[in-house]
Amino acid sequence: MINILLATSSEIVKKGFISLLINENDMKILHVAATDLDMFDMVLRDNFDVVIMDVDLIGRGPIETLDDLRAISPGIPVIVLSSVSDDTYLWNIFKAGATGYLKKDAEPQEFRDTIRRVSDMRPSSQ
């Protein structure tokens, strides 16, 4: 089972992911964090296989948030969710520690496939 932490301040993104994954037998959203501080707290408390982080999450910017997340949980795979696809922006997201990236308008199967692929990158010692 792929245990997911969804980090988003958007109610529509939250409901969309819940409905997208409701019938999946191999993955589930364990918690939803509405701010970067909530996300950090949950990562320290629970064991997640993947974090899906909306770049519009309330808190510091996405680069700083990824830096902080890497400091407290270096091995956890992070999928960044954004509507931006600028090459420089994406380079900076990956440089800051993102494991994967999805555009908000991606097809539903692409979301599920990316979650599965990225969860396989989680170190077994985590």
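If a residue has to be free of Cβ contacts under 8 Å to residues at least 24 places away in the same chain and part of a loop (DSSP other than H, G, I, E, B) to count, how many in region 1-60 make the cut? Lay out the reasoning, then the answer.
Filtering region 1-60 for residues free of Cβ contacts under 8 Å to residues at least 24 places away in the same chain gives 11-12, 14-16, 18-19, 22-23, 25, 37, 41, 45.
Now restrict to residues that are part of a loop (DSSP other than H, G, I, E, B): 22-23, 25.
Of the residues in region 1-60, 3 are free of Cβ contacts under 8 Å to residues at least 24 places away in the same chain and part of a loop (DSSP other than H, G, I, E, B).
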Just a yes or no: is a residue in region 87-102 in a helix (DSSP H, G or I), β-branched (Val, Ile, Thr) and touching a Ser or Thr at 6+ places or on another chain (Cβ under 8 Å)? yes
Just to be sure I understand the filter: pairs with C-beta atoms under 8 Å, separated by 6 or more residues or on different chains, first member in region 99-111 and without any contact (Cβ under 8 Å) to a residue 24 or more places away in the chain and of a type in the set (Gly, Ala, Ser), second member surrounded by fewer than 18 Cβ atoms within 10 Å (Cβ to Cβ) and in a helix (DSSP H, G or I). Which pairs pass? GLY100/ARG117
Looking only at region 68-84, decide whether some residue is out of contact with any helix residue (DSSP H, G or I) (no Cβ under 6 Å at 6 or more places or on another chain), among the hydrophobic types (A, V, I, L, M, F, W, C), free of Cβ contacts under 8 Å to residues at least 12 places away in the same chain and closer than 22 Å to LEU44 by Cβ. yes
So which of ASP41, ASP26, ASP113, ASP87 is modelled with pLDDT under 95 and surrounded by fewer than 18 Cβ atoms within 10 Å (Cβ to Cβ)? ASP87
Going by what's in this entry, would THR65 be described as surrounded by fewer than 21 Cβ atoms within 10 Å (Cβ to Cβ) and of a type outside the set (D, E, K, R)? no
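The values are calculated or read from the model by the stated rules, or taken from the named source; none is laboratory data. It should be emphasised that the depicted structure is a prediction, and the values quoted were computed from it without experimental measurement. Methodologically, a virtual Cβ is constructed for each residue, glycine included, from the backbone with ideal geometry; neighbour enumeration extends over all protein chains shown.
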